[in-house]
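The values are calculated or read from the model by the stated rules, or taken from the named source; none is laboratory data. Bear in mind that the values here come from a model prediction, so they are computed numbers and not experimental data. Ideal geometry is used to build each Cβ from the backbone, glycine not excepted, and the neighbour counts take in all protein chains shown.
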Amino acid sequence: MTDTNPFAAKAHRARSEHERLTAPTAQQRAMADAFPLGAGSPGNSSARRSARGAGRRMDASIDRAVRAENARKNALHYEGLAAAYDRGEVNAQGRRITSEATREREATAADLYGAYLRARVQPGDEVTLVQNPDGGGHVVTRINRKTVTFATGTQWPHIDIRPLRNGQPMTSDELREDFAAWRAAS
């Protein structure tokens, strides 16, 4: 059984659709042949009929441009997935492939940081969120195995929590030094 790229055909179809939609229409080609200098348009005896027709042509042109842009975006998306599949970075469903060693490293790092927080932060202490370190402290009511619960009842994963030192959020360097000291002591 051969292992074919499941995204190559989709990328080809999307690219072909984009090329078809961006090519000149039959009317545009006929107009270019009839008016090689690009000036003028065929007249119509009724201004109302020509205005309606012009409006419909304009709407069709806009719809065609929107479909062409969507096809271009799809082509780029599927071409990227096809290239990632060929490099072995995604599976046939388009999901990122993570090696077992990477998963273990990520889990170990998260578990270590969780153990550090459980050792350094006690219920009643204030902590801050990594996303908003200047947003003020949050009072911890409970430290769970994977999350920290605040007095407001909200839970945040350990990785989103930053302890305070002297009432101020720890900087990345301070946190790194404190973590290294805790790890050396334990």
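Among the residues of the range 88-126, which ones are assigned to a helix (DSSP H, G or I) and either outside the structural domain of VAL148 (by TED's automatic domain parsing) or modelled with pLDDT under 85 (or both)? Once the filter is applied, which keeps residues that are assigned to a helix (DSSP H, G or I) and either outside the structural domain of VAL148 (by TED's automatic domain parsing) or modelled with pLDDT under 85 (or both), the range 88-126 yields GLU100, ALA101, THR102, ARG103, GLU104, ARG105, GLU106, ALA107, THR108, ALA109, ALA110. Within the range 116-146, if we keep just the residues that are within 21 Å of THR171 (Cα to Cα) and without any contact (Cβ under 8 Å) to a residue 12 or more places away in the chain, the residue that is nearest to the chain's Cα centre (by Cα) turns out to be ASN132.
Which residues, counting only those in the range 33-42, are modelled with pLDDT under 80 and either of a type in the set (Val, Ile, Thr) or exposed (fewer than 12 other Cβ atoms within 10 Å of the Cβ) (or both)? Those that are modelled with pLDDT under 80 and either of a type in the set (Val, Ile, Thr) or exposed (fewer than 12 other Cβ atoms within 10 Å of the Cβ) (or both): PRO36, LEU37, GLY38, ALA39, GLY40, SER41, PRO42.
If you go through the range 1-23, how many residues are at pLDDT 85 or above and in a loop (DSSP other than H, G, I, E, B)? Total meeting the criteria: 5. A single member of ARG48, ARG29, ARG52 is at pLDDT below 85, charged (D, E, K, R) and within 30 Å of LEU76 (Cβ to Cβ), and it is ARG29.
How about the range 99-129: which of its residues are surrounded by 12 or more Cβ atoms within 10 Å (Cβ to Cβ), over 18 Å from GLY167 (Cα atoms) and of a type in the set (Ser, Thr, Tyr)? Once the filter is applied, which keeps residues that are surrounded by 12 or more Cβ atoms within 10 Å (Cβ to Cβ), over 18 Å from GLY167 (Cα atoms) and of a type in the set (Ser, Thr, Tyr), the range 99-129 yields TYR113, TYR116. All told, GLN168 falls short of being polar (S, T, N, Q) and under 30 Å from ALA11 (Cβ atoms).
Considering the range 147-186, the residues that are touching a residue at least 24 places away in the same chain (Cβ under 8 Å) and of a type in the set (D, E, K, R) include one that is nearest to GLU126 (Cα to Cα), namely ARG162. Does ARG162 qualify as being assigned by TED's automatic domain parsing to the domain that holds ALA107, in contact with a helix residue (DSSP H, G or I) (Cβ under 9 Å, 6 or more places away or on another chain) and either surrounded by fewer than 16 Cβ atoms within 10 Å (Cβ to Cβ) or assigned to a strand (DSSP E or B) (or both)? When the stated conditions are applied, ARG162 passes them. Does GLU69 satisfy being over 25 Å from ASP178 (Cβ atoms), surrounded by fewer than 14 Cβ atoms within 10 Å (Cβ to Cβ) and charged (D, E, K, R)? Against the criterion (over 25 Å from ASP178 (Cβ atoms), surrounded by fewer than 14 Cβ atoms within 10 Å (Cβ to Cβ) and charged (D, E, K, R)), GLU69 qualifies.
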